[in-house]
Structures are given as structure tokens and as C-alpha cells.
Amino acid sequence: MEKNTLTRRQMVQRMALAIGGTLVAPTVLLESCSFDPDTSTAGPERLAILDAIAETIIPRTATAGARDARIGAFIDVMIRDCYYPDMQEKLNAGIQEIAVEGKRSLGGAFEEATQMDREAFLGVYDAAAADDGSHFFRTLKELTMLGYFTSEEAAADGVVHYEPVPTRYDGCAPVDAHTKVFYSNI
Amino acid sequence: MAEDKMHYDAIVVGSGISGGWAAKELTEKGLKVLMLERGQNVEHIKDYTNTNKDPWEFPHRGKATTAQKDRNPVLRRDYPLNELNPDWWVDDQDCPYTEKKRFDWYRGYHVGGRSLMWGRQSYRWNREDFLANEKDGIATPWPIGYDDLEPWYTHVEKFAGLSGSHEDLDVLPDSVYLHAMDLNCVEQTAADRIRKAFDEKRRLIIGRTSNIAVPHHGRTGCQYRNKCWLGCPYGGYFSTQASTLPAAMATGNLTLRPHSIVKELMYDKDGKKAKGVVLLDAETNMTYEYTAPIVFLNASALNSTWILMNSATDVWEGGLGSSSGELGHNLMDHHFRVGASGTWEGDQDKYYFGGRPTGFYIPRFRNWDGDKRDYLRGFGYQGSASRGDWRRGVRELGIGADFKENISKPGPWTMGMTGFGEVLPYHDNKIELDPDKKDKWGLPVLSFDAQLRENEAKMRVDMKQDAVDMLEASGFTNVSGWESDYALGMGIHEMGTARMGTAPENSVLNKWNQVWDAPNVFITDGAAMTSSSCVNPSLTYMAMTARAADYAVNELKKGNL
């Protein structure tokens, strides 16, 4: 397993450019790279605040929470690789605001506060994001949910009904209290 | 190695849906065939790199990175730019093109072409589709009718393997089906109510798709993973790799040469026919000449035309087929991304199991069976009903344990649909060679100058409102019509630019898909289309290819080619 996706990506692309083609590059990259949160280059402080934000949105219950699924690292990788600088700045400023305002409001580091206190604090941001699709928290929530609901932990704990090979289709299946949402393809 | 042999009975340029069929039919009739593919090889199953991965194995969960976006300004306009099958979509930097007007050109340069990523919806054209140009007095009449293609539809359907229901509708003739997939319970209720509310004139049926759910010609069949576009290790859908290529290879008559960009046809102006092809090896940049008495161009609609434009330019400045004045003209697609969606309050105790690789289809009803609108032709709808997944929670208010619990249950039922409308063949919608820009191999690139016009704009009004009406008549709530950004090409149904016709003055191809100025050159991909109908075109390319291949072999045996 490569330790750094970005480095590997750049290396593959440079290699491909050097040999005059890029058609093979993405395959090589994907073959060698299943999700490894360690590819995040974030420091412990950033991972701690990101994990705490994600865990506030999707906490551990009888099933795995966002921190168990290492969603902080996932969010970091996504911000790094999939967003342009203006959006990166907006998201990072939002994360910083949660850290600073959280500390002031909760009387201690955001990530050390109780789930209940963190929920009460982020609830204000969530309400704002529900009304405003361009709010930074909307994106953090989306990334948290994307990462969590497509994680191995969520599948293993049955938070979603993951069937890699269903083998059949039933257009009218019954629902009971235990029915989980059928995993939909990414 | 292919280099050992430079002469074949036939050369097929392209290995996608129609090229694969040409290779199969010609080799099975005993011809030694060289199939050329400009991109890399993709071996069935072995090279479906990502098809068995779990979602968490993708670092970005399928999303494109900014590095990918920067490199691919066209692909990023829609779903083709992603993390799941990026090497199957043509790189914008290597293969640029010019947009005098926006045209979204999503290409697949590899063995199998877009047969690996296609949407698989498979519909026969109806009788009127072939008569429409003549009746409407536009463009030029089709030189063939439904009866010419009917036996060939049957022929290709039996081998390709289709899923669909028998409905006995004139507007959408039935194919040969192996089985039908089910509508889900909400779609079935909507189907019953639409049928009643619109007096049998509007029908909602299960989408007809080239997915098989039973073993067929050595293919295992669909496992309802709904991951077709990553390549199917079960051979669940029709593709070159799963279907036509193994059949052609089994004859011992096929040579497949990847990395082979055909630059031009060699033209014998005295004999008035093509001698063969000149190709550029995409890896070595070496040039090779291959000869054959028959050449099939199946390079995808616009690239087949590109090859003609670069051929016989010493005879015709605009290239082979340009004597008609129609080469490069009459570019079509299907316009879509306009429709409606609504919420279903009932069936909260019902769900579905498995990933069905098709949705529903509503056949055309406008300008049909006595209906008359202020525009020509019509449209069909594709759509589906489903229950919300975790994505619904993103914009909903809520975080924490209760939110997590709620969002992991099936959400509300919604049903949505988009129309797919016919685009008329306008002479002014055209492609030509850009005099300046070159691709990675130094070859000239295409320049696009095409747009939707008044007929399509009027049609889109109905495409939205009729969808709203059907959802409301079926009892859906919160029904809203929508229309989003559409540019020509987005349908990935490029058609026209080397159309069939009744005479050399009005068309590039005759009724057997032969180039008028070189009868041993056959074009049976989307380039040949004289009009576009509103149904998905690939099944018609298959039938047209099998018909032309049969004719070509007969003519060859008679010594006419």
C-alpha cells in the first residue's frame, strides 16, 4: 500500500506524460490504491477536529460511528483532492471557525466536549446549512455521509443493506422495522 | 503478429457495438477479417479492473479529482468524468476537438468502445420512423423501410439477448425477448393509472434492455449489481467483449489489432473503390497499409465521417463522400434532461431488492395516433421510482443518533422521468475538419457547429408538461417539472453526418450502407442515420450492420465488389 496517494498520483501522471500517454495511468492508480485513511497527510489536530465534526453528525450507537470509519481522514483527502482552492479555503475556514467558536462556546476544545454539547453547538450550523446549500457545513455534512454510508464499517454493522451480488431483483419486497436502506451505487 | 499479413478479405474499422457485429457476421460467413481499434485492448473480465471492488476501495468514492477535472474540461461536464472507469473515457488533452458551438463528445477509444459503458436501452424503430422525412418533406427520404430491417432486428436480438415485455404497440414494435424484468410496485401502480387516465394512449412499460437474466451463448447473466458500466464479469449485458468478439474469434477468421488509428482510406479513383486503409500505430507512430476488397467503417458516427473527410482528398477536396454536399452535415443526437418528478405517499411497507439495470419506458404518444402538435416528431420517457437513501439526509435538518437511525431506513418513494426527444436532421448542424488544431498524433481534429432549433425547443415544452400531467394523474404529490442544462452530444447518441439516401446527390450512402463513390466501403454506425427517431439507436445499428454484412458477402461472392 502506498502511503501517499497524491504523491503516487503525481508520480504516475508524470510517468505517463514521460512515455507519451495517459490512458494507462488511472488504472494503475486504482489497482494499487484501496482507501487507506493513512493517505491523509493531515496532522493530529486537524484529524481530531474533523473526526469530532463527523462523529457529531453520525455518532457511534449500537453500530459504528464516523470516527470508527475514520471519516475525518476521508474528509481531509476529499478536500485536498476534489475541491479547488476557493472551496478548500471556505471549508478550512469553516472548520477553523468550529474549532475557535466551539472552544469559546463549550468552554474547552470542541473535540473534547460531550456528544450532546457538540450536537447542540453544530445544530446551529446544520440549521443554517439546511436553508443554504452553499453553506460550508452542507459540504462537511455531505462528505461525512458519503464517506460513512459507503464505508466498510457501515456495511459490516448493517447500517446500510449492502449486497455486492444480489443475484435477483424483487420489485415489491416487504418492509419491516429492521429494514435498512439498500446500498446504492456510488 | 498482424504485421505478418497485410491483405484480408475485409477490414472493420472500430470494435464497438456495430464494429463487433460487422466482425462477427463477416467472419462467420467465412471471410478473413482484420478488426482495427484505435485504443488499447480490454480483455473480457480480466481487464474489468474495478468491477469487483467495494465502494470503500475507491479513495474518493467515485468522485472526480481536481487533477482529473483540469485535464478533462469536456468530460467533467457530466458523469463520464469519475473515479470508477476513468480509462474508458477519452482523454480531452490527447484527443481535443473544436467547439464553434458547444458539443459534448464523450468517446470510448478502446476495444469494445462504448459497448462497455452504454446505457443498454434497446428499441426497434417503428414503421413511421422510416417514412417521417418523406411525409414531413424535410431532409431526404430514408432509402429503406421497416420491412427491410425487420428480419435483421430479429437476427441480432436472438444473439444479443434482450429483456423486455411484449406490448404489441405500433409505436414501439416488440423485439425478441429472453425475459422481462419487473416494474417495482409504485411503477406498476403508475402504469395502471396512466393507462386508464390517458385512455390507453400513454403506456408505462419496463425498459427494454440488452441485459440478460438467464444464461445465453455462454454468458452467465445479470446478477442485479447495477454496475454494468464497470464491465460485467457475468456477461450480463451485450458488449463486444461478452458477445460478438468471442463469436468472431471462435471462427478462427478474426485478427484484432488494437492501437491502430486509421488515418485514411486508400482510394483507387479509376476503379472507384477503396483499396484498403492507412493506419498509424498509436504506440509506435509507425504507418502501415492494409488492403481488402471490403471495408466497414464502424469508428463511431463522427469518426467514420472523419475518416471519409481525410480520404481521397486528391479527388474531392472535402474527402470521400463529399460529392453529395452532405458529408459532415445533418448531425443529430437525442435531446433530454427535461421532465418531472413527484412523491408517492403510499406503499410505505414496500421496497425492492437488487439493482435492476433498467428503468421504465413510456413510448412516444405525441404526433401519433391522431395527436397533432405545433412541432414535428415526438419523444419517449425513461425513468424510475425509488425510495430515498442516505443522500436525502444531506439537506434535511438533523444530526446525531436519531438522525443516523432515521436516515438508515428507506426514505420516501419518488418517481422521476426525463424525455428523450427526436432531433431533426438540419443541414446546418455540421462537423468539419479544423484547419489548425491537431491531436496528440498530429492528426486534424473535428470542429463542431450545431445546435438545437425551434422544433426541439417547442417539443421540450411538452416533454416537461406531459411528465407533470402523468405524475399528477397517477396520484403523485409535490409534482414538479424540471429542465436542466442540455447540449447536443450529451445524449451520447451521435447520428448523421454520412447519411443514407436515395441518390448520390442527397446522401453519402446508398440503401445498403455503401458509400456512393466507393461501393466497397460500408458505414453502419450512427453516421448512416437519415433521421434520429426518439428511441435509443444502438439496436438499429446492430440490425443495419448485419444486413449490410450479408449483402457485402453476397456481392463479393458474385464478384461485384
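Across the stretch B:483-498, computed HN-Hα scalar couplings (Karplus, 6.51 cos²θ - 1.76 cosθ + 1.60, θ = phi - 60°) run 9, 10, 3, 10, 10, 3, x, 4, x, 6, 10, 4, 9, x, 5, 8 Hz from first to last residue, x flagging Gly and Pro.
Highest average first, the peptides A:125-138, B:243-256, B:6-19, A:44-57 ordered by how many other beta carbon atoms sit within 10 Å of their residues are B:6-19, A:44-57, B:243-256, A:125-138.
Sorted by average packing, counted as other Cβ atoms within 10 angstrom per residue and highest first, what order do B:60-68, B:462-470, B:116-124, A:173-181 take?
Numbers: B:60-68: 19.1, B:462-470: 21.3, B:116-124: 23.9, A:173-181: 12.4.
Sorting B:60-68, B:462-470, B:116-124, A:173-181 by mean packing, highest first, produces B:116-124, B:462-470, B:60-68, A:173-181.
Under 5 Å from the amide H of B:M35 lie the amide H atoms of B:V12, B:T255, B:L256, B:R257, each residue being 5 or more positions distant or on a separate chain, with H modelled from the backbone and absent for Pro and chain starts.
Taking GluC sites (Glu not before Pro) that fall in a DSSP loop and have at most 13 other Cβ atoms within 10 Å as cut points, what is the longest piece of chain B between them? Here the longest segment lacking exposed loop sites spans B:346-504. Annotation: amide H of B:Y361 within the under-5 Å range of B:I205, B:I206, B:G207, sequence separation 5 or more or interchain, hydrogens built in the peptide plane.
From other protein chains only, count the Cβ atoms within 10 Å of every residue's Cβ in B:45-56, then give the mean.
Working: counts 0, 0, 1, 0, 5, 4, 0, 2, 4, 9, 15, 12.
Going residue by residue through B:45-56 and averaging, the value is 4.
The alpha carbon gyration tensor of the protein assembly as shown gives principal lengths a ≥ b ≥ c with a/c of 1.5 or higher and a/b greater than b/c, which makes the shape prolate. Note on B:T284 and B:Q348: the model spin-label points, each 7 Å out from Cα along the C-beta direction, lie 7.0 nm apart. Rounded, prolate or oblate, given the Cα gyration tensor of the stretch B:399-483, with a/c below 1.5 counting as rounded? Cα axes put the stretch B:399-483 in the oblate bin. Put a plus charge on the Cβ of each Lys and Arg, a minus charge on the Cβ of each Asp and Glu, and nothing anywhere else: the dipole of the stretch A:105-186 about its Cα centre is then about 220 debye. Ordering B:H166, B:N406, B:S386 by Cα displacement along the dipole of the protein assembly as shown toward the positive end leaves B:H166 in first place; charges were set at the Cβ atoms of Lys, Arg (+1) and Asp, Glu (-1). Helix B:17-28 versus the longest principal axis of chain B: what angle, 0 to 90°, nearest 10, using Cα atoms? Roughly 50 degrees, rounded to the nearest 10. Under the criterion of Cα pairs below 8 Å and six or more residues apart, the relative contact order for chain B equals 22 percent.
Have a look at B:A301, B:Y288, B:A274 and report the one farthest towards the positive end of the charge dipole of the stretch B:258-336, computed about the Cα centre with Cβ charges (Lys/Arg +1, Asp/Glu -1). Checked the options; the winner is B:A274. For the stretch B:400-469, the relative contact order comes to 31 percent (Cα pairs under 8 Å, sequence separation of at least 6).
What translational D, rounded to a whole number of µm²/s, comes out for the stretch A:28-186 from Stokes-Einstein when the hydrodynamic radius is the Kirkwood one over Cα pairs, at 10 °C and 1.306 mPa s? Write out the running numbers ahead of the final one.
On the way: Rh = 17.0 Å.
The diffusion coefficient I find is 93 µm²/s.
Please give the average number of partner chain Cβ atoms lying within 10 Å of the Cβ of each residue in A:172-184, rounded to a whole number. Don't skip to the answer; put the middle values down first.
Numbers: counts 12, 8, 4, 8, 2, 1, 1, 6, 4, 12, 9, 5, 9.
Other-chain Cβ atoms within 10 Å of each residue's Cβ, averaged: 6.
What does the C-alpha gyration tensor say about the overall shape of the stretch B:312-411? Classify as rounded when a/c is under 1.5, otherwise prolate if a/b is larger than b/c, or oblate. In terms of gyration-tensor shape, prolate.
What is the magnitude of the charge dipole of the stretch B:28-150 about its Cα centre, with +1 placed on the Cβ of each Lys and Arg, -1 on the Cβ of each Asp and Glu, and no other charges, expressed in debye to the nearest 20? Working shown, then result.
Working: 20 positive and 22 negative charges, 70 e Å.
The dipole magnitude comes to about 340 debye.
Cross-link partners of B:K440 among aspartates and glutamates, defined as those whose alpha carbon lies under 19 angstrom from its own and excluding same-chain residues fewer than eight positions apart: B:E37, B:D70, B:D87, B:D91, B:D92, B:D94, B:E99, B:E264, B:D281, B:E283, B:E432. The distance linking the stretch A:55-133 with the stretch B:277-339 is 54 Å (Cα centroid to Cα centroid, whole angstrom). Using only side-chain charges placed at the Cβ, +1 for Lys and Arg and -1 for Asp and Glu, the dipole size of the stretch B:87-169 relative to its Cα centre rounds to 160 debye. With pairing defined as another cysteine C-beta under 4.7 Å, the cysteines of chain B that fail it are B:C95, B:C222, B:C228, B:C232, B:C534.
With 24 Å as the limit on Cα-Cα distance, the pairs of B:K29/B:K275; B:K46/B:K227; B:K46/B:K158; B:K275/B:K430; B:K24/B:K272; A:K103/B:K63 that go past it are B:K46/B:K158; B:K275/B:K430; B:K24/B:K272; A:K103/B:K63.
For the peptide B:384-396, the mean number of other protein chain Cβ atoms found within 10 angstrom of a residue's Cβ is 5.
Measuring nothing but how far apart in sequence close Cα pairs (under 8 Å, 6+ apart) lie, relative to its length, the stretch B:296-346 scores a relative contact order of 20 percent.
Here, each number is a calculation from the coordinates, and none is a lab measurement. As the structure is a prediction and not an experimental result, all values here were calculated from the model. As a convention, Cβ positions derive from the backbone with ideal geometry for all residues, glycine included, and neighbour counts pool all protein chains shown.
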